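The values are calculated or read from the model by the stated rules, or taken from the named source; none is laboratory data. This structure is a prediction, so every number in the text was calculated from the model and none was measured. Glycine gets a Cβ as well: all are built from the backbone with ideal geometry, and neighbour counts include every protein chain shown. Remember, those area values only see protein heavy atoms, side chains included, never the ligands or the DNA or RNA. Shrake-Rupley method; radii C 1.70, N 1.55, O 1.52, S 1.80 Å.
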Amino acid sequence: MRQIILSDYGQNPVLTDVAMPEPKDGEVLVLIAAAALNPLDVKLQRGEVHAYFPLTFPSMMGTDLAGTVEKVGSLTSRWRIGDRVMARLDPTKGGAFAEYAIVPEDQLVIVPQDMNFNSASGLPTAAGTAWQALVEMADVKAGQTVLVHAGSGGVGSFAIQFARSFGARVIATASGNGVEIARELGADQVIDYRSEDFTENISDVDVVLDTVGGDTQQRSFNVLRSAGKLVSTVSPPDQAFATAHKVEGGFVFHTSNAGRLSNLAKAMREKGHSVLIDSVFPIASFAEAFERQASGRARGKIIVTF
Ligand SMILES: NC(=O)c1ccc[n+]([C@@H]2O[C@H](COP(=O)([O-])OP(=O)(O)OC[C@H]3O[C@@H](n4cnc5c(N)ncnc54)[C@H](OP(=O)(O)O)[C@@H]3O)[C@@H](O)[C@H]2O)c1
């Protein structure tokens, strides 16, 4: 089968012929239809997250996949051949950018009937992180005001929809055509961060979802109400700074969780949420997909298909 392989940090990922894997006890072989890229793939390739996710080389790449069950290992009871499934693989092991992947059976989740594989593959990391941040960490409630940075990005595009469906008023930052995209996703107000300083006209925000970091994170403390919450996906907020502003600052470290993925897939269906797709590339054009992800300019998810 064909698989994207990384030979070392900083090297170009290469489409390589490898042996077909065999599912063992408690494992499932999935025929992959689609896999989504994430900024994490770029950070892993560059060695930037070595401290959290050390790779051993040659390394398989890719965490988020959707496809059908092809074969089950012995003592694997929950899945049948042909089941439509999605999963997030361990970032240190990878394996989603391939024709087939081995997935532990307890990490598979059924793809909702009316969701296609491209959309399903876009859910695990990006939607999972938005859910973890807004539901599990910030506990967003109806009537609150939520500021979502990078509303046109992978995480932000889900966060706008989730926060809105919880009854919050949503302000998003974006630029260019991302402004219109964020509005269409349900943001009540969108600030073009390139032409407007988001700290100038907003205040008393209950929750900030920081998906940008740096100066954007620092300045976000100024728009929070007293006892408001800033949750960052990029870097842990300075606790002394948070205390000085009388707010809470937290960092989301996304952890794979099949129960969460199942819950959010259900919410996607019930609330009519959509997966914003930036672009779809055949696996043979992986280099272009990777370059697009590395640009930091994606509008939603970048998908590779097989
Ligand atoms: N901690 C965790 O577990 C975890 C989990 C998931 C993601 N993350 C991290 O969270 C970050 C966001 O992830 P993602 O998947 O959403 O990334 P993404 O899809 O690559 O985000 C791209 C979007 O960011 C927008 N953007 C860039 N700079 C901006 C700014 N200053 N203000 C507003 N929007 C801006 C871009 O819009 P323009 O082109 O208009 O600038 C683009 O639409 C990444 O650093 C990722 O590694 C962390």
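Listed values, structure above:
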item: Sequence-distant residues sharing a close amide H with Phe251 (under 5 Å, placed H); result: Ser232
item: Calculated from backbone phi, Karplus (6.51, -1.76, 1.60) coupling profile of the stretch 132-146 in Hz, x at Gly/Pro; result: 4, 5, 7, 8, 7, 9, 8, 6, 4, 10, 4, x, 7, 10, 10
item: Estimated FRET transfer efficiency (Glu200, Val18; beta-carbon r; R0 51 Å; 0.05); result: 0.45
item: Along each principal axis, Cα extent of the stretch 125-251, largest first, Å; result: 36, 31, 26
item: Helical mean residue ellipticity (222 nm; -39500 (n - 2.57) per DSSP H run of 4+; nearest 500) of the chain; result: -6500 deg cm²/dmol
item: Span from the the stretch 155-225 Cα centroid across to the the stretch 101-125 one, whole angstrom; result: 28 Å
item: Per-pair calculated FRET efficiency, R0 = 35 Å: Ser7 and Ala142 via Cβ, rounded to 0.05; result: 0.10
item: Nonlocal amide H pairs with Leu224, under 5 Å, H built at 1.01 Å; result: Val205
item: J(HN,Hα) series, the stretch 56-64, from Karplus relation 6.51 cos²θ - 1.76 cosθ + 1.60, nearest Hz, glycine and proline x; result: 10, 10, x, 10, 6, 10, x, 10, 9
item: Ordering of 61-69, 186-194, 240-248 by burial proxy (mean other Cβ atoms within 10 Å per residue, highest first); result: 61-69, 186-194, 240-248
item: Point-charge dipole on Cβ atoms (K/R +1, D/E -1) for the chain, about Cα centre, debye to 20; result: 440 debye
item: Dipole of the chain, positive direction: furthest Cα of Phe221, Ala187, Asn177, with charges on the beta-carbon; result: Ala187
item: The chain, accessible area per residue, ligands and nucleic acids excluded (1.4 Å, Å²); result: 43 Å²
item: Net dipole in debye of the stretch 125-251 [+1 Lys, Arg Cβ; -1 Asp, Glu Cβ; about Cα centre; nearest 20]; result: 220 debye
item: Shape box of the chain [Cα atoms, principal axes, largest first, Å]; result: 57, 40, 35
item: Antiparallel DSSP beta bridges within the stretch 187-280, as percent of all bridges there, nearest 5; result: 0 percent
item: Theoretical FRET efficiency, 1/(1+(r/R0)^6), r = Cβ-Cβ of Ala294 and Ser77, R0 45 Å, to 0.05; result: 0.65
item: Zero-based 10 Å bins, Cα pair distances in the stretch 31-116, whole percents; result: 17, 46, 27, 10
item: The stretch 125-251, accessible surface, carbon-and-sulfur percent (1.4 angstrom probe); result: 47 percent
item: Protection-proxy order for peptides 127-134, 73-80, 231-238, each taking the mean of Cβ atoms within 10 Å per residue, highest first; result: 127-134, 231-238, 73-80
item: Highest-first arrangement of 135-143, 170-178, 103-111, 116-124, where packing means the average Cβ count within 10 Å; result: 116-124, 170-178, 103-111, 135-143
